[in-house]
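Please read the structure below before turning to the comments.
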């Protein structure tokens, strides 16, 4: 363990992670249904096995700081990508230190407030909680990232197949699709999560990002993030002339080559936590009937909202 990993907050985070791995060997709250991924039931919601009741419950009411930046999204919508950008902006030495992203920018519901309270400011944290359960602050900064649900399904399916912790290596897409649209899905459904955040995304301390926009024009979206963070970051990159290295290290190609920096699970089936990025990969997975089902759910939840026509082309079968 090098010097950076000996800092108190990293030590506490690693101990917490090791403890939950041991806990998973005997815990009865783990839910393994036939042909479905392994999850942990906490209250009425399934979570990944790296979370437990204490970490989830304490995270909901944790005290935030003015300097905190919380990156929120439904899983597989780009939160890892956005944090890769932010961490480089706020810390010049972030990448060179070699600290895995899950340690330097922890998921609040997987670590809990007792660990996160040890982290120095500014804390760059991630959450997949819906807005109702996310810790609130009028002065902390939130970045909420969305992605079209059909690509989320394809990405999430591969994510769960490739991480051994889900015990879903031989999982079938049709089983996963039905799981995804049900209330049993890990972290709840995509539609409920995104809907819960819609009334919040126009607040002055919230930046709303679209995954597909990041794919199309990464430099412009990095500049948006710089402007939103402001302060020392805004002054440092005021002319946005010094972001070429950040653009390079935030490319999908670079992140795929450094996959081990972006996952908690050292026992992945294959190194594909960062898979391919882009959009419309869903057409390789969803049938016409499944595509229509997502269209119907999308219309039910988002008709009349700013999302209604956001992915008009991306979601065409």
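Coordinate-derived values only; no laboratory data. Every value quoted in this text rests on a predicted model; they were computed, and no experiment measured them. So basically every Cβ, Gly included, is an ideal-geometry build from the backbone, and we count neighbours across all protein chains shown.
Per residue, what volume in Å³ does the convex hull of the Cα atoms of segment 131-288 enclose? Intermediate values should be presented prior to the final figure.
Details: hull volume 23.0 nm³, N = 158.
Normalising the Cα hull of segment 131-288 by residue number yields 145 Å³.
Sort the following peptides by mean Cβ neighbour count (other Cβ atoms within 10 Å, averaged over residues), highest first: 57-66, 204-213, 24-33.
Working: 57-66: 15.9, 204-213: 18.4, 24-33: 11.6.
Per-residue Cβ counts within 10 Å, averaged per peptide and sorted highest first, yield 204-213, 57-66, 24-33.
Test of understanding: extend the Cα→C-beta vector of residue 92 to 7 Å, then name every residue of segment 236-250 with backbone N under 16 Å from that spot.
Counting only backbone N, you get 236-246.
Over all alpha-carbon pairs of the chain, lay out the pair-distance distribution in 10 Å bins, whole %, shortest bin first.
Values per bin, smallest distances first: 5, 27, 37, 25, 6, 0.
Per 0.36 nm of contour for each residue apart, how much would the distance between residue 292 and residue 252 grow if the chain were fully extended, relative to their Cα-Cα spacing?
Details: separation 40, 0.36 × 40 = 14.40 nm, distance 2.96 nm.
11.4 nm is the gain from fully extending residue 292 to residue 252.
Given only helices, namely DSSP H runs of n ≥ 4 each adding -39500 (n - 2.57), what is the per-residue ellipticity at 222 nm of the chain, to the nearest 500 deg cm²/dmol? Intermediate values should be presented prior to the final figure.
Numbers: 16 runs with 134 residues, N = 317.
When only DSSP H runs of four or more count, the value is -11500 deg cm²/dmol.
I need 11, 82 ordered by Cβ neighbour count within 10 Å, fewest first. Kindly include the intermediate steps, with their values, before the conclusion.
On the way: 11 14, 82 28.
Fewest-to-most Cβ neighbours within 10 Å comes out as 11, 82.
Report the paramagnetic label zone for residue 28: residues of segment 40-74 whose backbone N is under 17 Å from a point 7 Å from Cα along the Cα-to-Cβ axis.
40-43, 53
Rounded to whole Å and sorted largest first, what semi-axes of the equivalent ellipsoid does the C-alpha gyration tensor of segment 1-158 yield via the square root of 5 times each eigenvalue? Intermediate results must be reported in sequence, preceding the final value.
Details: eigenvalues 118, 78, 54 Å².
Listed largest to smallest, the semi-axes of segment 1-158 are 24, 20, 16 Å.
Please check: in the Gaussian network model of the chain (C-alpha springs, under 10 Å), which one of 292, 68, 151 has the largest mean-square fluctuation.
Between 292, 68, 151, it is 292 that shows the largest mean-square fluctuation.
Hey, what does the equivalent ellipsoid look like for segment 65-206, semi-axes from the Cα gyration tensor as sqrt of 5 times each eigenvalue, largest first, whole Å? Don't jump to the answer; show the numbers that get you there.
On the way: eigenvalues 143, 73, 35 Å².
One finds semi-axes of 27, 19, 13 Å for segment 65-206.
Give the span of segment 59-101's Cα atoms along each principal axis, as three whole-Å numbers ordered largest to smallest.
That works out to 33, 26, 16 Å along the principal axes.
With each label point set 7 Å from Cα along the Cα-Cβ vector, what nm distance links residue 132 and residue 11?
In this crude spin-label approximation the distance works out to 4.1 nm.
Subtracting the Cα-Cα distance from 0.36 nm times the residue separation, let me have the gained length for residue 44 to residue 182 in nm, one decimal.
Numbers: separation 138, 0.36 × 138 = 49.68 nm, distance 1.25 nm.
Using 0.36 nm per residue and subtracting the Cα-Cα distance, I get 48.4 nm.
Please report the Cα spread of segment 6-64 along all three principal axes, rounded to whole Å, starting with the longest.
42, 25, 16
Give the calculated FRET efficiency between residue 172 and residue 66 to the nearest 0.05, with a Förster radius of 51 Å applied to their Cβ-Cβ distance. Spell out each step's value before the answer.
Values: r = 47 Å, r/R0 = 0.93.
Approximately 0.60, to the nearest 0.05.
Neighbour counts of other C-beta atoms within 10 Å: give me 107, 139 arranged from fewest to most. Don't skip to the answer; put the middle values down first.
Values: 107 21, 139 10.
Fewest-to-most ranking of 107, 139: 139, 107.
Under 8 Å for C-alpha pairs, at least 6 residues apart: give me the relative contact order for the chain, rounded to a whole percent. Show your work: numbers first, answer last.
Values: 441 pairs, mean separation 67.0, N = 317.
After rounding, I find 21 percent.
Out of 223, 303, 41, any idea which swings most in a Gaussian network model of the chain, alpha carbons joined below 10 Å?
Per the Cα network of the chain with a 10 Å cutoff, 303 tops the list.
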